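Taking it in order: structure first as structure tokens, then the write-up.
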Amino acid sequence: MHRVARAVTVSIVAAVALLMAAPVAAEEKVTVEVRSIAASVDGDEFDEELDDIKGRLHRGFEDYSSFRQLDRQTRDIQRDEKAQFDLPTDDLLTLGYDGRADDFVRLGLVLEDRLSTTLRATPGSTFFQAGLRYEDGLLILAITVE
């Protein structure tokens with residue numbers, strides 16, 4: 001009888017340990033979406049693919065009147081790994097997942113030899129990185145972290 005009780009106890013402890021480990025495993029990767037957006041002062045075109053961030057684009061980049069999505073790329077990034085994104089400017093964006101801190105995702109962002117930074121983002125949020133010239137305007141990167 002002791003052997004059966006012990007086996008049941010060990011099975012329960014193992015099951016509880018697996019259930020407790022599941023949320024941790026889920027945090028070991030993030031999904032990152034990078035949208036490349038051409039902003040221009042010429043015209044007033046607004047790409048409908050950007051409707052979900054329209055207000056934020058107009059507020060954050062009020063000097064620009066035209067916004068066009070050039071590319072949209074999504075990658076899953078494991079903890080302590082990096083993913084690369086080819087940009088329409090022929091630059092290379094590298095994003096690394098550095099784990100979580102409180103309710104934030106920590107990301108390393110490298111834009112070739114121009115920028116290297118670490119930032120924190122709330123899961124589900126979109127942030128902007130801009131500064132690269134593109135055609136007659138600016139390239140804006142809209143980066144969403146899940």
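Read-outs: derived from the displayed coordinates by stated rules, not from any lab. All of these numbers come straight from a predicted model, not from anything done at the bench. All Cβ positions, even for glycine, are placed from backbone atoms using ideal geometry, and neighbour counts span all protein chains on display.
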**Asked** For Arg100, Arg35, what ranking results if the residue with the fewest other Cβ atoms within 10 Å of its Cβ goes first?
**Response** Arg100, Arg35
**Item:** Amide H within-cut-off set for Glu81, under 5 Å, with H built and near neighbours excluded
**Value:** Tyr97
**Message:** Just want the ordering: Ser66, Ser116, from fewest to most Cβ atoms lying within 10 Å of their own Cβ.
**Reply:** Ser116, Ser66
